[in-house]
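Scroll down for the structure; my scribbles are underneath it.
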């Protein structure tokens, strides 16, 4: 896969950007130009924001679909409300819905509230657990790029303990943390009990929406409700130290416990909304047919892989529990 960063400008004024992921399909039959969560605007406010977004999409289509005969795929953000404006705009330009994610719901917290309003907005049970965690003698700290080893040790121990299928890009985190100041480098946050780190998170903090990337806990974190204290302080830190209005917690991968935790954190201030499917456009029929077939094939392979891995992990868990478990 090749990456092409794209900058959109009108004269000397930057309008926005996109990172285009170019994937050449097997046998060279066609290529896909994929834009995840973009394009993004330089200015998110203003009456012309929708028009500017439309111009950027049209420019991508002209370059990649028409000039270079690729299929253009755009993955829109989740948006509050029943209608996703980005998906509607793409559909009006001839984009067709393609493959979506298996668990599309996304949980987005409003981080702009003061402490009292934010506490009142949490779900009742979430607020109860947070108050319990505040009495547990835990310490919250903001990490530095040099703390990446501290986080990875916690994450690897959690992975070995829980035996969960990990399809994330966790191996890219060290490279992200090595980025210089003033870039899109994530922030690290930790909760400790005495000298022992029991919970941590890596958060993307640039732009209007901060995003949860990775989290890790040890055995003691659950009973101490360390995750509640961790996210409470992350929300406050984002409000006071960044330009973020929202905090995107991601999805749940179908885990009921994660749904309960994240929906309680969203509470009455934020939204729980589905990710639209990837929207696809091709100016030439062969590119559209090949690109659509490639996405379908990838979906089938992914489901098969997930099923095999889930079965293997379940066998490992049963082996740990012993005979008769």
Revision key, fill the gap. Of those in segment 237-250 that are assigned to a loop (DSSP other than H, G, I, E, B) and farther than 16 Å from residue 201 by Cβ, the residue nearest to the chain's Cα centre (by Cα) is 245
Point to revise | Flag if residue 112 is closer than 21 Å to residue 203 by Cβ and touching a helix residue (DSSP H, G or I) at 6+ places or on another chain (Cβ under 8 Å) | key: yes
Exercise for review: State whether one or more residues within segment 212-226 are surrounded by fewer than 17 Cβ atoms within 10 Å (Cβ to Cβ), out of contact with any strand residue (DSSP E or B) (no Cβ under 6 Å at 6 or more places or on another chain), within 18 Å of residue 37 (Cβ to Cβ) and assigned by TED's automatic domain parsing to the domain that holds residue 266.
Suggested key: no
Exercise for review: Among the residues of segment 15-65, write down those that are under 21 Å from residue 276 (Cα atoms), assigned to a loop (DSSP other than H, G, I, E, B) and touching a residue at least 40 places away in the same chain (Cβ under 8 Å).
Suggested key: 37, 44
Check your understanding: Out of (1) surrounded by fewer than 21 Cβ atoms within 10 Å (Cβ to Cβ); (2) more than 19 Å from the chain's Cα centre (by Cα), the odd one out for residue 105 is which?
Key -> (2)
Practice item. Give the number of residues within segment 253-288 that are closer than 29 Å to residue 96 by Cα and in contact (Cβ under 8 Å) with a residue 12 or more places away in the chain. Key: 20
Review point. Does residue 174 fit the bill of being in contact with a helix residue (DSSP H, G or I) (Cβ under 7 Å, 6 or more places away or on another chain) and at negative phi?
Key: yes
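The values are calculated or read from the model by the stated rules, or taken from the named source; none is laboratory data. Here the structure is a predicted model, which means the values were calculated and not measured. For neighbour counting, all protein chains shown are included, and Cβ atoms are generated from backbone atoms with ideal geometry for every residue, glycine included.
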